[in-house]
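*Asks:* Sending over a structure as structure tokens; questions will come in a sec.
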Amino acid sequence: MKTLAMPEAAVRDPMVPTPYVIESVRRETHDTFTLEMVPEDGTTRLNFKPGQFNMLYVFGVGEIPISISGDPAHPETLTHTTRAVGAVTKAMQRLKKGDVLGVRGPYGTQWPVEEAMGHDIVIVAGGIGLAPLRPIIYRVLSERERFGQVVLLYGTRSPSDILFKKELQRWGGSFGMDVFVTVDRGDQNWHGSIGVVTNLVRRAPFDPLNATAMVCGPEIMMRYCAHELAKRGVDQDRTYVSMERNMKCGIGLCGHCQYGPVFICKDGPVFRYDRIRGMFGKREI
Ligand SMILES: Cc1cc2nc3c(=O)[nH]c(=O)nc-3n(C[C@H](O)[C@H](O)[C@H](O)COP(=O)(O)OP(=O)(O)OC[C@H]3O[C@@H](n4cnc5c(N)ncnc54)[C@H](O)[C@@H]3O)c2cc1C
Ligand code: FES
């Protein structure tokens, strides 16, 4: 008798997490850490697109959405960078090498890498917002010749909140990317720019008429950046943002992240700005 072999993804229940073992824990700042994980079964591969997220389950505590911050060219290792703000993220911060997390995903929309080919790229990050943007930076740099000018504008509260410091230096040094970092408050060792990241948009070297912008950070920062980009001439249909709302299912079933006709988990988190600007400042139902 013949049996039909079903692909594993087709039979997997999307609500059942896959166990992943933590391979390394890296402390990025006082409240932010990066986990690198591999599947417990040694075979699962989570091919993902830059901008997508996973639902991470800390057993016995809860499940939350966290963007993937690793390199899409290396899906054998799953990388997430998280800021500890509440119950689940603080429990996650206590995990060690060898501990197990549940993973569902990858879910959601991606940064518009194909649409941006041939254009200048302006990446604007605020605080932890650099983590969801890191995969698109890896992707763009892996095919650097297919893009015009590439600019990263990054703002944090203080110098000690800057994420991925070594990579920022590397990217800015030899990869054909202009990197500008600003902080709200400097200290005695800080000789760089002071002020909000929006100020960097005004003077960054890119051609606004031929640029695609990707922005991630607190909502108010994304709104001001979109406004500033528009003032420089970047159309709102070439500006993309990544939205955050409380999520439960992550796959468009429960309605938790719904705003009007839009589900942030399945229609987002990455949206074209002109399509969702009315959602800013409004919480989910
Ligand atoms: C699609 C998506 C991708 C995300 N990607 C990331 C990521 O890559 N890295 C990351 O660190 N977070 C990310 N988040 C946010 C993350 O999901 C929340 O921080 C997390 O759900 C908080 O859970 P908690 O149980 O620790 O805190 P809760 O107990 O839910 O909240 C504790 C307190 O922190 C506040 N709070 C909750 N979320 C945030 C927040 N994002 N910023 C500031 N204060 C907050 C709450 O209002 C509350 O006061 C993402 C969210 C979404 C929707
Ligand atoms: S989280 Fe359930 S519909 Fe989006």
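The values are calculated or read from the model by the stated rules, or taken from the named source; none is laboratory data. In this text the structure is predicted, and so the values were computed from the model without any measurement. Cβ coordinates were reconstructed from backbone atoms using ideal geometry, including for glycine residues, and neighbour counts include every protein chain displayed. Heads up: the accessible areas ignore ligands, DNA and RNA and are worked out on the full protein's heavy atoms, side chains in. Shrake-Rupley method; radii C 1.70, N 1.55, O 1.52, S 1.80 Å.
*Asks:* Where in segment 164-278 are there strands (runs of 3 or more DSSP E), lying fully within it, with 2 or more residues that are over 17 Å from the mean Cα position of the chain (by Cα)? Spell out the reasoning first.
*Replies:* Details: elements: 178-183, 211-216, 239-242, 270-272.
Those strands (runs of 3 or more DSSP E) span 178-183.
*Asks:* In addition: State whether the residues of segment 235-249 include one that is surrounded by 15 or more Cβ atoms within 10 Å (Cβ to Cβ), more than 23 Å from SER67 (Cα to Cα), touching a residue at least 40 places away in the same chain (Cβ under 8 Å) and more than 16 Å from ligand 1 (Cβ to nearest atom).
*Replies:* Checking segment 235-249: at least one residue is surrounded by 15 or more Cβ atoms within 10 Å (Cβ to Cβ), more than 23 Å from SER67 (Cα to Cα), touching a residue at least 40 places away in the same chain (Cβ under 8 Å) and more than 16 Å from ligand 1 (Cβ to nearest atom).
To keep it simple, each residue is scored yes or no on (1) within 15 Å of GLY102 (Cβ to Cβ); (2) touching a Phe, Trp or Tyr at 6+ places or on another chain (Cβ under 6 Å); (3) open to solvent by 30 Å² or more (accessible area, probe 1.4 Å).
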site: PRO17; (1), (2), (3): yes, yes, yes
site: THR29; (1), (2), (3): no, no, no
site: THR32; (1), (2), (3): no, no, no
site: LEU35; (1), (2), (3): yes, no, no
site: GLY42; (1), (2), (3): no, no, yes
site: TYR57; (1), (2), (3): yes, no, yes
site: HIS74; (1), (2), (3): no, no, yes
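*Asks:* Restricting to segment 96-106, what's the tally of residues that are on the phi < 0 side of the Ramachandran plot and open to solvent by 30 Å² or more (accessible area, probe 1.4 Å)?
*Replies:* Final tally of qualifying residues: 5.
*Asks:* Kindly establish whether LYS231 is touching a His at 6+ places or on another chain (Cβ under 6 Å) and not hydrophobic (A, V, I, L, M, F, W, C).
*Replies:* Judged against the criteria, LYS231 is not a match.
*Asks:* Here's a check for you: in segment 255-266, which residue that is more than 14 Å from ILE64 (Cα to Cα) and out of contact with any helix residue (DSSP H, G or I) (no Cβ under 9 Å at 6 or more places or on another chain) is farthest from ligand 1 (Cβ to nearest atom)?
*Replies:* Here the residue is GLY255.
*Asks:* Identify the single condition in (1) within 16 Å of ligand 1 (Cβ to nearest atom); (2) open to solvent by 30 Å² or more (accessible area, probe 1.4 Å); (3) farther than 28 Å from GLY252 by Cβ; (4) not aliphatic (A, V, I, L, M) that ARG83 does not satisfy, given that it satisfies every other one.
*Replies:* (3)
*Asks:* Right, something else. Taking the conditions exactly as written (farther than 20 Å from MET177 by Cβ, among the aromatic types (Phe, Trp, Tyr) and within 13 Å of ligand 1 (Cβ to nearest atom)), does PHE280 satisfy them or not? Before the answer, list the steps.
*Replies:* Details: farther than 20 Å from MET177 by Cβ: yes; among the aromatic types (Phe, Trp, Tyr): yes; within 13 Å of ligand 1 (Cβ to nearest atom): no.
No: the conditions fail for PHE280.
*Asks:* While we're on this one: Assess whether VAL122 counts as being more than 16 Å from ligand 1 (Cβ to nearest atom), surrounded by 24 or more Cβ atoms within 10 Å (Cβ to Cβ) and of a type in the set (A, V, I, L, M, F, W, C). Walk me through it before giving the result.
*Replies:* Working: more than 16 Å from ligand 1 (Cβ to nearest atom): yes; surrounded by 24 or more Cβ atoms within 10 Å (Cβ to Cβ): yes; of a type in the set (A, V, I, L, M, F, W, C): yes.
Yes, satisfied.
*Asks:* Would you mind finding the one in GLY173, GLY186 that is modelled with pLDDT under 95, open to solvent by less than 60 Å² (accessible area, probe 1.4 Å) and within 26 Å of ARG27 (Cβ to Cβ)?
*Replies:* GLY186
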